[in-house]
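Everything below concerns the one structure shown next.
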Amino acid sequence: MISRKFFSTKSLQILAVGVFLLGMIFLIITNNPSFANQKQPVKVDEFISRGTEPFWSVQVTKNGIVYSTPEATKQTFPYVKPLSASGRTLDTVRVYRIRGRNNNNNILIIKKQDVCSDGMSDKQYPYSTTFILGNTVLDGCAEKK
């Protein structure tokens, strides 16, 4: 049997104050952007990777990752967030694990360099890049778009 003391006026007042305080805390948290768990837009650094002999390119944008060559049709992959090297900033090295057709694991690596040369022009790029597409490994240079 429940004691009458449990339902005393003082107990009900304390319970009401507690419920009121919890409600106020809930309102403060949900209406304050610094407390609310809001999704922030993801900043995507866009890159263009290029290689010569054979000629190829990979563009990284928020809309996807696109591989193209003069000889073949473009292959488009969904954008994936890059991995970074442990203990390094994201700009040091970016590794994109790209799911391809037949669940092939394709990998794009963009690594910060002092200078990268494509071997055909005088242009100097700030990143070197390696693209692994199935059993094909392509090496080149990259820059932010």
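Candidates in the range 114-134 are the residues that are in a strand (DSSP E or B) and out of contact with any Cys (no Cβ under 8 Å at 6 or more places or on another chain); of these, the one that is surrounded by the most Cβ atoms within 10 Å (Cβ to Cβ) is F131. Scanning the range 77-100 for residues that are over 20 Å from K144 (Cβ atoms) and touching a residue at least 12 places away in the same chain (Cβ under 8 Å) turns up P78, R97, R99, G100. Residues that are modelled with pLDDT under 95, polar (S, T, N, Q) and surrounded by fewer than 12 Cβ atoms within 10 Å (Cβ to Cβ) are absent from the range 76-85.
Which residue, of R97, R88, is at pLDDT below 95, in a strand (DSSP E or B), under 21 Å from the mean Cα position of the chain (by Cα) and farther than 20 Å from E53 by Cα? Spell out the reasoning first.
Numbers: R88 fails: in a strand (DSSP E or B).
Residue meeting the stated conditions: R97.
The values are calculated or read from the model by the stated rules, or taken from the named source; none is laboratory data. A quick note: this is a predicted structure, and the numbers were derived from the prediction, not measured. Glycine gets a Cβ as well: all are built from the backbone with ideal geometry, and neighbour counts include every protein chain shown.
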